Amino acid sequence: MSRRTKEILAKMTLDDKIYHLEQITTATYLTKGSTYKVITGPNSKLKLDKEMIYDIGTSLNLVGAETMIDALTNYLDKSKSKRPPVFMQDVIHGHRTLYPINLAVAASFDRELARELASMAAKEASLDGVGVTFAPMVDLVRDPRWGRVMESSGEDPYMNSEMAKATVRGFQGDMGKYNLAACVKHFAAYGAAEAGRDYNTVDVSERTLREYYLPAYKAAVDAGVKMLMAAFNIVDGVPCVGNKHLMKDILRDEWGFDGVVISDYGAVEEMIVHGACEDKKEAALRAIEAECDIEMMSSCYAEHLRALIDEGKVTEEQIDKSVLRILDLKESLGILDNPYRSVNVEESKRVQLSPEHRALARKGAEQSAVLLKNDGVLPFSKNVSSVALIGPLASTGKIHGSWHCGGRAEETVSVYEGLSKLLGDRVKYAPGCYVEYNSEDESLFDEAVELAKSSECVVLCLGEHQDYSGEANCRADIELPEIQYKLLDKILEVNKNVAVALFTGRPLAISRLHNTAPAILNMWMPGTEGGNACANLLFGNAVPSGKITMTFPRALGQCPIYYNHYTTGRPKLLKDDLNRVLYTSSYIDVPNSPLYPFGYGLSYTTFEYSDMSLSAAVMKSDEKIVASAKIKNTGGHKGKEAVQLYIRDVKGSCVRPVKELKGFEKIELDVGEEATVSFEITEPMLRYWNQKLEHVSEKGEFEVFIGKDSTCVPFAKFELI
Ligand code: BGC
């Protein structure tokens, strides 16, 4: 808390303070001449004073330097206090230049890449006048039906924590003019929504919460994240935004977080719909008691905090604390000195979508694509005589991903554009079918099959519409639509030299595709440069190196399926096939194993692991031991490999997962080159949350694994004494 912000606070009236805690849409402040229409919809539900809205502390979601200047100028003009607001925005996987969805970025297993991409987004957004991004989203996810898995970094707490730290560093940097304050979300366990349905009930034990769900938020807090968003969902029966145990005991007291907490959109008022509060007044009370500083898009605070203070249920000091946090945030962004901060119309035009930014987005897409299958058809030769580009996602810019912020489909390179740039008019295109999940229209088949017949190779762009993932976009069926399978089958009848480029915002249950397609390159939703990256990967200008951080099931019925599960008392230890072993934990109609396990991804080259060693067989808690392995590029391409370290705590006072990711390193090796990768193992890495909710390690045996994915087997053991 600075002296300056305390002085500002001292001059504020109570109403002024209360309005400082509200957040409405930035579009509210646009003048009539603006190119954007005033969004009256959501705001019109709020009961806010027409004059006081010009003293509201923060606002959300508007893109464009000119519009932001217009909004800010108008705000300051009408504001009594002349105190500048902070503009906040969902800058999730890029601002104007979009990079791949976050689930893809995690698949790069590259912390530095994640940092660089976030830093690029921060620069573009800051030039548009944004001060805070509602990112990173670090919710741990296990259910691919949930549309928001695309924003997360997957199912593993260690990976999520590493990506959280890297992304916070990328956005916030040293909080210079081209940085943004980051807001980690959605606290807590929003990703555990039952049945993968958005906003649905979350019910996890406190031990599971701490063991799996909380580490990534904590990592962001430890990395100095400036803000945190309270989630829509309940935890232990209480909506997060009014959940004192989460928001006070854990976040503020245990973790020492003193940054700003914001509610999710309308979440304070939604406590009434949850059945947790009787009315808006009670909702305001519950949220302020839980130290939720900013109320996003509901007006419980503005309508009721004054009365709650008059009645002695809330003190002015409570309000002051929240106001000060917001003022401190403004100070750290420099907007108390310069309300316009970095907004710059000319500079934003120069920087956004610049060749450098496009190059970085392309690198991001190339590094995060995952080669799921390759029977040897890929990479295609650049000397190919003719390419049939087919599929409902082949010639659209709508592959940039669901949170597109300022990005536009018309600025996104489609696969058709990318391939044509690389191969000229040797590329011919036919859509083949429509992308809608329920389309049964086969009228485009013949043209596509003819094209496939007369071409040397086929690139088939299949998958899901980008709007089938993201907020509120959940699916009960995560297979490819039948129409896409029919198209594939028809094409394979006339041409076997086929590679599927898959576009998806989630793991799909694509056993059938795996069984028929000769090659599958998962491009995810690859962002603005997706088409160029796809062309480079398919034709060998780039070598795939991504590995999935969320399990791909064989069938939806296996979900939730994740690698770091417990053994159960009756594991099926024999071969993981359909031969039944009665009374074991298994299915009749599908093996237990997934289609593609966590950490899995192929390359055009091959890597051999050898000479695995552990520096000691016994470790005291103040010692460290080193696990290492030699990795050799034994194939014909220079390539990158994400080397993974897993540990298993063989026996615990609470049962322990079959293995847990504890380290990873991405290395690049030339053809024939060999390198040694070493990981230090220390006692804190062996801690977990026991039944008494203590974070401890327990003496005993640990198994160590180094490998290319989560199916690797242990090579050594050590004992913690
Ligand atoms: C989402 C948040 C987002 C907010 C503001 C909500 O609906 O859950 O992730 O930051 O809207 O756009």
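The values are calculated or read from the model by the stated rules, or taken from the named source; none is laboratory data. As the structure is a computational prediction, the values presented were derived from the model and not from experiment. Here Cβ is always computed from backbone atoms with ideal geometry, including for glycine, and neighbour counts include all displayed protein chains.
Could you please tell me which pairs satisfy a Cβ distance under 6 Å, a separation of 6+ or placement on different chains, a first residue in the range 669-689 that is without any contact (Cβ under 8 Å) to a residue 24 or more places away in the chain, and a second residue that is in a loop (DSSP other than H, G, I, E, B)?
Taking only residues 6 or more apart or on different chains, the pairs are ARG687/SER697.
Exactly one condition in (1) without any contact (Cβ under 8 Å) to a residue 60 or more places away in the chain; (2) charged (D, E, K, R); (3) not in a loop (DSSP other than H, G, I, E, B) is not met by ASP589; state its number.
(3)
Hey, does the range 257-272 have a residue that's acidic (Asp, Glu), within 30 Å of SER126 (Cβ to Cβ), in a helix (DSSP H, G or I) and away from the ligand (no atom under 16 Å from the Cβ)?
Checked against the condition, which is being acidic (Asp, Glu), within 30 Å of SER126 (Cβ to Cβ), in a helix (DSSP H, G or I) and away from the ligand (no atom under 16 Å from the Cβ), the range 257-272 yields no hits at all.
Report, by residue number, each residue of the range 437-467 that is surrounded by fewer than 22 Cβ atoms within 10 Å (Cβ to Cβ), among the small types (Gly, Ala, Ser) and under 35 Å from the mean Cα position of the chain (by Cα).
Of everything in the range 437-467, just one residue is surrounded by fewer than 22 Cβ atoms within 10 Å (Cβ to Cβ), among the small types (Gly, Ala, Ser) and under 35 Å from the mean Cα position of the chain (by Cα), namely SER439.
For the range 436-469, which residues satisfy the criterion of being of a type in the set (A, V, I, L, M) and in a helix (DSSP H, G or I)?
ALA448, VAL449, LEU451, ALA452
Matching residues to (1) surrounded by 24 or more Cβ atoms within 10 Å (Cβ to Cβ); (2) among the hydroxyl-bearing types (Ser, Thr, Tyr); (3) on the phi > 0 side of the Ramachandran plot; (4) not assigned by TED's automatic domain parsing to the domain that holds ALA642:
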position: LEU62; (1), (2), (3), (4): yes, no, no, yes
position: ALA65; (1), (2), (3), (4): no, no, no, yes
position: LYS80; (1), (2), (3), (4): no, no, no, yes
position: HIS93; (1), (2), (3), (4): yes, no, no, yes
position: LEU98; (1), (2), (3), (4): yes, no, no, yes
position: VAL105; (1), (2), (3), (4): yes, no, no, yes
position: SER108; (1), (2), (3), (4): yes, yes, no, yes
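Residue-wise test of (1) among the hydrophobic types (A, V, I, L, M, F, W, C); (2) buried (at least 19 other Cβ atoms within 10 Å of the Cβ); (3) within 30 Å of ALA499 (Cα to Cα); (4) assigned by TED's automatic domain parsing to the domain that holds THR504.
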site	(1), (2), (3), (4)
LEU333	yes, yes, no, no
LYS363	no, yes, yes, yes
ASP375	no, no, yes, yes
SER381	no, no, yes, yes
LEU393	yes, yes, yes, yes
ILE399	yes, yes, yes, yes
ARG408	no, no, yes, yes
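Does any residue of the range 632-644 turn out to be in contact (Cβ under 8 Å) with a residue 12 or more places away in the chain, part of a loop (DSSP other than H, G, I, E, B) and under 25 Å from GLU162 (Cα atoms)?
Among the residues of the range 632-644, not one is in contact (Cβ under 8 Å) with a residue 12 or more places away in the chain, part of a loop (DSSP other than H, G, I, E, B) and under 25 Å from GLU162 (Cα atoms), which makes the answer no.
Checking the condition of a type in the set (Lys, Arg) and either crowded, with 18+ Cβ neighbours inside 10 Å or within 16 Å of the ligand (Cβ to nearest atom) (or both), which residue from LYS248, LYS226, LYS177, LYS244 passes?
Just one listed residue meets the conditions, LYS226.
Working only within the range 145-173, note down all residues that are away from the ligand (no atom under 16 Å from the Cβ), in contact with a strand residue (DSSP E or B) (Cβ under 8 Å, 6 or more places away or on another chain) and under 25 Å from ILE510 (Cα atoms).
Matches in the range 145-173: ASP156, MET159.
Can you say whether ASP70 is in contact (Cβ under 8 Å) with a residue 60 or more places away in the chain and over 25 Å from VAL260 (Cβ atoms), as far as the supplied structure shows?
no
Counting residues that are within 15 Å of the ligand (Cβ to nearest atom), of a type in the set (Lys, Arg) and at pLDDT 95 or above, which strands (runs of 3 or more DSSP E) fully inside the range 17-123 reach at least 2? Talk me through it step by step, then tell me what you get.
Details: elements: 22-25, 58-60, 86-89.
Hits in the range 17-123: none.
Which one of GLU683, GLU665 is within 23 Å of LYS632 (Cα to Cα) and either at pLDDT below 95 or surrounded by fewer than 20 Cβ atoms within 10 Å (Cβ to Cβ) (or both)? Write out each step before concluding.
Details: GLU683 fails: within 23 Å of LYS632 (Cα to Cα).
Among GLU683, GLU665, only GLU665 is within 23 Å of LYS632 (Cα to Cα) and either at pLDDT below 95 or surrounded by fewer than 20 Cβ atoms within 10 Å (Cβ to Cβ) (or both).
Across the range 202-223, what is the total count of residues that are away from the ligand (no atom under 16 Å from the Cβ) and more than 30 Å from LEU333 (Cβ to Cβ)?
Of the residues in the range 202-223, the ones away from the ligand (no atom under 16 Å from the Cβ) are 203-215, 218-219, 221-223.
In the following step, the residues that additionally are more than 30 Å from LEU333 (Cβ to Cβ) were identified as 203-212.
Matching residues across the range 202-223 total 10.
Answer with yes or no whether CYS534 is closer than 22 Å to SER386 by Cα and out of contact with any Ser or Thr (no Cβ under 6 Å at 6 or more places or on another chain).
Details: closer than 22 Å to SER386 by Cα: yes; out of contact with any Ser or Thr (no Cβ under 6 Å at 6 or more places or on another chain): yes.
When the stated conditions are applied, CYS534 passes them.
With the requirement that a residue be more than 21 Å from THR167 (Cα to Cα), of a type in the set (A, V, I, L, M, F, W, C) and part of a strand (DSSP E or B), what does the range 227-256 give you?
ILE234, VAL235, VAL238
What tally of residues in the range 273-299 results from selecting those that are aliphatic (A, V, I, L, M) and more than 15 Å from the ligand (Cβ to nearest atom)?
Result for the range 273-299: 7.
With the requirement that a residue be at positive phi and buried (at least 23 other Cβ atoms within 10 Å of the Cβ), what does the range 187-223 give you?
ALA189, GLY196
Given (1) in contact with a Leu (Cβ under 8 Å, 6 or more places away or on another chain); (2) surrounded by 20 or more Cβ atoms within 10 Å (Cβ to Cβ), identify the lone condition not met by MET525.
Unmet for MET525, out of (1) in contact with a Leu (Cβ under 8 Å, 6 or more places away or on another chain); (2) surrounded by 20 or more Cβ atoms within 10 Å (Cβ to Cβ): (1).
Would you mind listing the helices (runs of 4 or more DSSP H) fully within the range 330-428 where at least 2 residues are in contact with a strand residue (DSSP E or B) (Cβ under 9 Å, 6 or more places away or on another chain), modelled with pLDDT of 95 or more and closer than 26 Å to ILE520 by Cβ?
Of the helices (runs of 4 or more DSSP H) lying wholly inside the range 330-428, those with at least 2 residues that are in contact with a strand residue (DSSP E or B) (Cβ under 9 Å, 6 or more places away or on another chain), modelled with pLDDT of 95 or more and closer than 26 Å to ILE520 by Cβ span 355-368, 415-423.
Based on this model, can you work out whether TYR340 counts as under 28 Å from GLN89 (Cβ atoms), under 31 Å from the mean Cα position of the chain (by Cα) and either surrounded by fewer than 17 Cβ atoms within 10 Å (Cβ to Cβ) or within 16 Å of the ligand (Cβ to nearest atom) (or both)?
yes
Given the conditions (1) more than 16 Å from the ligand (Cβ to nearest atom); (2) touching a residue at least 60 places away in the same chain (Cβ under 8 Å); (3) assigned to a loop (DSSP other than H, G, I, E, B), and given that ALA472 satisfies all but one, which numbered condition is not satisfied?
ALA472 satisfies all of (1) more than 16 Å from the ligand (Cβ to nearest atom); (2) touching a residue at least 60 places away in the same chain (Cβ under 8 Å); (3) assigned to a loop (DSSP other than H, G, I, E, B) except (1).
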